[in-house]
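Quick notes on the structure that follows.
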Amino acid sequence: MTEIIERVSLLEEALTKLAYAQFNLHIEIDRLIRDGQASRERSEQEMTDFKAEMRASRERSEQEMVDFKAEMAAFKDEMRADRREMNKRWGEIANRLGTIVEDIVLPNIPRIACEHFGAGALEFIGARIRKRHPTEPDRMREFDVVAAWPGSVLFNETKGGAMRPEYLTSFAAFIQSGDFFRFFPEYTGRRLIPVFSALALAESDIRYLSREKIYALTMGDETMEIVNLAEVGQLR
């Protein structure tokens with residue numbers, strides 16, 4: 001009997017400990033649940049805050065991109081305006097340079113006509129003559145220098161600034177076309193002396209003019225000189 005009582009006591013003690021352990025377990029589980037819920041709520045709030053921050057950042061980036069595109073468009077417009085203004089100024093400078101070169105060439109024409117082409121007193125000399133084609137009214141052309149004396153007429157084309165191949169080819173084509181005498185029918189039947197002038201001419205330019213039987217007038221040691229007389233021929 002005593003043994004049974006002891007066993008019952010041990011069983012009661014074990015059950016008491018088990019109940020206490022279960023109670024503590026429930027408390028710990030409740031704490032873990034509360035902590036987990038709080039952690040989940042914090043995570044959800046952090047995710048909400050993160051999404052809000054990302055949305056705000058994206059909106060800022062989009063606005064910055066809009067502002068950047070607007071600034072780039074304004075910059076491009078400004079650059080185009082500056083480029084147009086610069087091109088205009090370069091054009092004005094080129095025009096002034098061309099006029100300066102023409103003013104240098106013009107006083108040399110009577111001397112060259114006399115020394116190399118047998119001219120006496122000139123019947124006519126004119127600069128920057130604008131004429132309309134007699135049969136094609138829409139065609140206008142400016143003749144830099146035209147000088148005439150009995151039996152001959154000299155036509156000079158002057159270019160200033162950087163030389164372009166089309167300047168030479170265009171002048172040669174005009175001479176070959178015979179259009180000069182359509183603009184100046186009063187000189188029909190006279191010997192035409194074509195002269196191309198520039199402050200500087202490359203050797204290749206001079207060779208081209210020589211092949212086309214056009215005199216090349218450029219700056220010599222002291223004044224303007226024809227540099228391909230031997231190749232084209234000196235007329236008297």
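Values quoted throughout were computed directly from the atomic coordinates according to the rules given, and no laboratory measurement underlies them. Everything numeric in this text was worked out from a predicted model, so none of it was measured.
Annotations
- For the range 1-81, the Rg and Dmax computed from alpha carbons only, in angstrom: 34.1, 117
- Percent of C-alpha pairs per 10 Å bin in the chain, short distances first: 6, 19, 18, 8, 5, 5, 5, 5, 5, 4, 4, 4, 4, 4, 3, 1, 0.
- Fraction of beta bridges assigned by DSSP in the range 115-236 that are antiparallel (%, nearest 5): 60
- The separation of the range 135-165 from the range 169-218, counted between C-alpha centres, amounts to 8 Å.
- Using only alpha-carbon positions in the range 108-232, the gyration tensor eigenvalues give semi-axes of 22, 18, 13 Å once each is multiplied by 5 and square-rooted (largest first).
- The relative contact order of the chain comes to 13 percent, based on Cα pairs under 8 Å that sit 6 or more residues apart.
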